[in-house]
Amino acid sequence: MSTATEVVGAPAGVPRAPRTGAKKKRRGETRVAIYLVAPTLILLAVVIGYPVVSAIIMSFQKDAGLDPATGLFVAGGFAGISNYAHWILQQCLDTSGNTISCPPGNLGSQFWNATGVTFFFAVVTVALETAFGVWMAIIMNRTFRGRGLVRAAILVPWAIPTAVTAKLWFFIFATSGIANALLQTQILWTSDEWASRFAIIIADTWKTTPFMALLILAGLQIIPEDVYEAAKMDGATTFQQFWRITLPLIRPALMVAVLFRILDALRIYDLPAILTGGGGGTGNATTTLSILVVDQIRQGFNSASALSTITFIIIFIVAFIFVRVLGTNVVRTQQAQQKGAAK
Amino acid sequence: MSAIAATATRTVARDRAVAAVDTRAIAMKRRGRGRGIRTGISAAVIVLWCLAPFYWMIVTAFRDVGYTYDTAFWPTHVTFDNFTTAFSTQLGNHLGKALLNSLFIGVCVTAIALIIGIFAAYALARLDFRFKGILLGVILGASMFPGVALITPLFQLFTNIGWMGSYQALILPSISFVLPLTVYTLTSFFREMPWDLEEAARIDGCTQAQAFRKIILPLAAPAVFTTAILAFISSWNEYLISSQLSSDATQPVTVAIASFAGSQPHQEPYTTVMAAGTIVTIPLVILVLIFQRRIVAGLTAGGVKG
């Protein structure tokens, strides 16, 4: 520590004499930084890196089992891509070891359904949450009596654990529950194919819109009021102000919020697992990819590993598209927001 | 020292608020009353939408189990039986134990994440080094990592080494999402701190380590505390990993609530679950409302869902 201290001796903000050299300082700070960052990286390597690597290795292994001829326990050995083919191409093995297409009821045949359900949830919930989030953020950005109450109220759904949220909406959506009583309907919210999907979408929207609204509000607060004053001088309507000023200016914050929510929505588990048990319709109307992985764990680690790796890759591709194609710069946007907020 | 900084922050905040109110007051007057009423109605709708389900949970928690489906909006058939049932170990509800489990796991995860993460956050906020941007990206990416990608190998590993259902089997995986959140939130907070004071201390003869311990750490206490709350909440709310890796003895509240038994057999124990939900939620809601401003700052800084 003491050598490092000597090297970074010059105060950071003060313009340095050229002989000290920014390069030398940087090299010194790099050394300190390595020591400071190392524990975090090592721990993350243990809790994330190790499981991911071993999941990938497992996904290429056959399930171990008893050899029918000898009665001895044998390791599975290399399986090639058969675990992936099981999910993506719905290939199963019959009792004599031939490759057949998976029978209905086998978890393998649910893959594309689960992928569809997961993306359906992600797109619909994030669209709803973005729309409501922008609306809530605009209201909270205005000055009115009771604004404190709104800002407090909006934190309540966020603070409730998702497991409790799921149970709460399970009760609200009970057949004789308050939702049907208020709507004067007899909808089977937790077992009908589309009703159960919308039950999850409604509960998720309730729980997560506040988070979106807060992120968007942070983006709204850095728009200076005089931009709107100028627009009004030029005769812009409220809608024009929103479309031409607010939306373009909060676009970076909005994109970051949408990215976070999409990635979060694609791994959705708690809400459907507790609210509908992944069921509904013919039995898997709300089975998401995460639910399918958990269902598979007890039927074979290696297939489950392949599926969780596929899930991970899907989420990674979506994130990549956001960052590369749509140019969402998470780090820079948040730094800009902080600078704006610090003014 | 921290009092001065706190006052300074408050003054800045107040100035900003006053300036905002001034410009907006003029704008409001010009736009007239129509917009004020519309804002009021919108605000009322938001408050109602956010609080109504929560209110319904509390009302039901105090309602007699025979009147589960009573649709009166105010409390009727008030009873405390649901809370007794929720804690009844005879019915197989280990809510008391589950609360302690959640508390223990949450405190361990938060402590580990803070102790480890505070150094990384200091480096990321304060030092200039290569690969800093990439490192921030990696840590942010780690917090978005899907839990299912970890669960299968961990399930097998913990089965093999006999950790299944142990506390460490629940604490370690939680670090995978709490540590990145901690580092990222702390980094954002640390960037805003008055680092001139550190330099002043250095000029007065402190080493960098001393300046950090004696000046920065006390100043950073509120930021660290806020981050601790966010970390604790995200650990407290975890369900996926715990539901697979915990046993009856170690299960946290989220898992306990999802598998609850009521006082009436063959009947969905709605009122009991609502009572348990109320117990689990009320401390969080109180905590969040007390530290509302800081939590909102932390949430938007870290940008990571709890």
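Taking region B:208-267, which residues are in a loop (DSSP other than H, G, I, E, B) and within 17 Å of the chain's Cα centre (by Cα)? Spell out the reasoning first.
Applying the first criterion (in a loop (DSSP other than H, G, I, E, B)) to region B:208-267 yields B:237-239, B:247-252, B:259-267.
Scanning region B:208-267 gives B:N237, B:E238, B:Y239, B:P252.
Find the residue count for region A:173-201, including only residues that are assigned to a helix (DSSP H, G or I) and either surrounded by 13 or more Cβ atoms within 10 Å (Cβ to Cβ) or touching a residue at least 24 places away in the same chain (Cβ under 8 Å) (or both).
First pass over region A:173-201, keeping only residues assigned to a helix (DSSP H, G or I): A:178-183, A:193-201.
If we keep only those that are either surrounded by 13 or more Cβ atoms within 10 Å (Cβ to Cβ) or touching a residue at least 24 places away in the same chain (Cβ under 8 Å) (or both) too, we end up with A:178-181, A:193-201.
Residues in region A:173-201 being assigned to a helix (DSSP H, G or I) and either surrounded by 13 or more Cβ atoms within 10 Å (Cβ to Cβ) or touching a residue at least 24 places away in the same chain (Cβ under 8 Å) (or both): 13 in total.
Among (1) free of Cβ contacts under 8 Å to residues at least 12 places away in the same chain; (2) within 30 Å of B:A256 (Cβ to Cβ), where does B:T207 come up short?
Exception for B:T207: condition (2).
Please work out which residue is farthest from the chain's Cα centre (by Cα), limiting yourself to region B:148-175 and to residues that are among the polar types (S, T, N, Q) and more than 7 Å from chain A (Cβ to nearest Cβ).
From region B:148-175, those among the polar types (S, T, N, Q) are B:152, B:156, B:159-160, B:166, B:168, B:174; that's our starting set.
Going one step further and asking which of them are more than 7 Å from chain A (Cβ to nearest Cβ), we end up with B:159-160, B:166, B:168, B:174.
Values: B:T159: 30, B:N160: 33, B:S166: 24, B:Q168: 21, B:S174: 13 Å.
That would be B:N160.
Provide a single number: the residues in region A:252-286 that are of a type in the set (A, V, I, L, M) and over 17 Å from A:A213 (Cβ atoms).
So in region A:252-286, the residues of a type in the set (A, V, I, L, M) come out as A:253-259, A:262-263, A:265-266, A:268, A:271, A:273-275, A:285.
Restricting the remaining residues to those that are over 17 Å from A:A213 (Cβ atoms) gives A:263, A:266, A:268, A:271, A:273-275, A:285.
So the count comes out to 8.
Going through region A:25-65 one residue at a time, which ones are facing chain B (nearest Cβ under 7 Å), over 28 Å from the mean Cα position of the chain (by Cα) and either modelled with pLDDT of 90 or more or outside any helix (DSSP H, G or I) (or both)? Steps first, please.
Step one: list which residues in region A:25-65 are facing chain B (nearest Cβ under 7 Å), which gives A:26, A:29-30, A:32-33, A:36-37, A:39-40, A:43-44, A:47-48, A:51-52, A:54-55, A:58.
Applying the additional criterion that residues be over 28 Å from the mean Cα position of the chain (by Cα) yields A:26, A:29-30, A:32-33, A:36.
If the condition is that a residue be facing chain B (nearest Cβ under 7 Å), over 28 Å from the mean Cα position of the chain (by Cα) and either modelled with pLDDT of 90 or more or outside any helix (DSSP H, G or I) (or both), then A:L36 is the only one that fits.
Cβ contacts < 7 Å: first residue free of Cβ contacts under 8 Å to residues at least 40 places away in the same chain, restricted to region B:112-131; second residue in a helix (DSSP H, G or I) and not aliphatic (A, V, I, L, M), any location; separation 6+ or different chain. Result?
Close Cβ pairs satisfying both conditions: B:F119/A:P39; B:L127/A:E29; B:D128/A:R26; B:D128/A:E29; B:F129/A:R26; B:F129/A:E29; B:F129/A:T30; B:R130/A:T30.
From the residues in region B:268-306 that are within 30 Å of B:F190 (Cβ to Cβ), at the interface with another protein chain (Cβ under 8 Å from one of its Cβ atoms) and assigned to a loop (DSSP other than H, G, I, E, B), which one is modelled with the lowest pLDDT?
Ranking the qualifying residues of region B:268-306, first place goes to B:G306.
Could you say which residue among B:L150, B:L172, B:L136 is in a helix (DSSP H, G or I) and in contact (Cβ under 8 Å) with a residue 60 or more places away in the chain?
On the way: B:L172 fails: in contact (Cβ under 8 Å) with a residue 60 or more places away in the chain; B:L136 fails: in contact (Cβ under 8 Å) with a residue 60 or more places away in the chain.
Just one listed residue meets the conditions, B:L150.
So is A:A152 assigned to a helix (DSSP H, G or I) and facing chain B (nearest Cβ under 8 Å) or not?
Values: assigned to a helix (DSSP H, G or I): yes; facing chain B (nearest Cβ under 8 Å): yes.
Yes; evaluated as a whole, the condition is true for this residue.
In this structure, does A:G21 turn out to be under 30 Å from B:G133 (Cβ atoms) and modelled with pLDDT under 75? Walk me through how you get there before you give the answer.
Working: under 30 Å from B:G133 (Cβ atoms): yes; modelled with pLDDT under 75: yes.
Yes; evaluated as a whole, the condition is true for this residue.
Could you tell me how many of the residues in region A:267-288 are touching a residue at least 60 places away in the same chain (Cβ under 8 Å) and facing another protein chain (nearest Cβ under 7 Å)?
Total meeting the criteria: 2.
Residues that are facing chain A (nearest Cβ under 10 Å): which helices (runs of 4 or more DSSP H) entirely in region B:27-129 hold 3 or more of them?
Output list reads B:33-61, B:95-126.
Just to be sure before I move on: is A:N113 outside the structural domain of A:T208 (by TED's automatic domain parsing), more than 30 Å from A:A213 (Cβ to Cβ) and in contact (Cβ under 8 Å) with a residue 40 or more places away in the chain in the structure I sent? Working first, answer last.
Working: outside the structural domain of A:T208 (by TED's automatic domain parsing): no; more than 30 Å from A:A213 (Cβ to Cβ): yes; in contact (Cβ under 8 Å) with a residue 40 or more places away in the chain: yes.
So A:N113 does not fit the description; no.
If I ask for residues that are more than 12 Å from chain A (Cβ to nearest Cβ) and aliphatic (A, V, I, L, M), which ones from region B:203-247 would you list?
B:I215, B:I216, B:L217, B:L219, B:A220, B:A221, B:A223, B:V224, B:A228, B:A231
Please enumerate the residues belonging to region A:34-54 that are farther than 28 Å from A:A304 by Cα, in contact with a helix residue (DSSP H, G or I) (Cβ under 6 Å, 6 or more places away or on another chain) and among the aliphatic types (A, V, I, L, M). Spell out the reasoning first.
Of region A:34-54, the ones farther than 28 Å from A:A304 by Cα are A:34-40.
In the following step, the residues that additionally are in contact with a helix residue (DSSP H, G or I) (Cβ under 6 Å, 6 or more places away or on another chain) were identified as A:36-37, A:39-40.
Correct list: A:L36, A:V37.
Could you check, for region A:278-290, whether at least one of its residues is surrounded by 21 or more Cβ atoms within 10 Å (Cβ to Cβ), among the hydrophobic types (A, V, I, L, M, F, W, C), in the same structural domain as A:A203 (by TED's automatic domain parsing) and at pLDDT below 90?
Looking through region A:278-290, at least one residue is surrounded by 21 or more Cβ atoms within 10 Å (Cβ to Cβ), among the hydrophobic types (A, V, I, L, M, F, W, C), in the same structural domain as A:A203 (by TED's automatic domain parsing) and at pLDDT below 90.
With respect to A:A304, determine if the residue is crowded, with 19+ Cβ neighbours inside 10 Å and touching an Asp or Glu at 6+ places or on another chain (Cβ under 6 Å).
Details: crowded, with 19+ Cβ neighbours inside 10 Å: yes; touching an Asp or Glu at 6+ places or on another chain (Cβ under 6 Å): no.
When the stated conditions are applied, A:A304 does not pass them.
The values are calculated or read from the model by the stated rules, or taken from the named source; none is laboratory data. Computed from a prediction, not measured in an experiment: that's the story for all the values here. Positions of Cβ are generated from backbone atoms using ideal geometry, with glycine treated the same way; all protein chains shown enter the neighbour counts.
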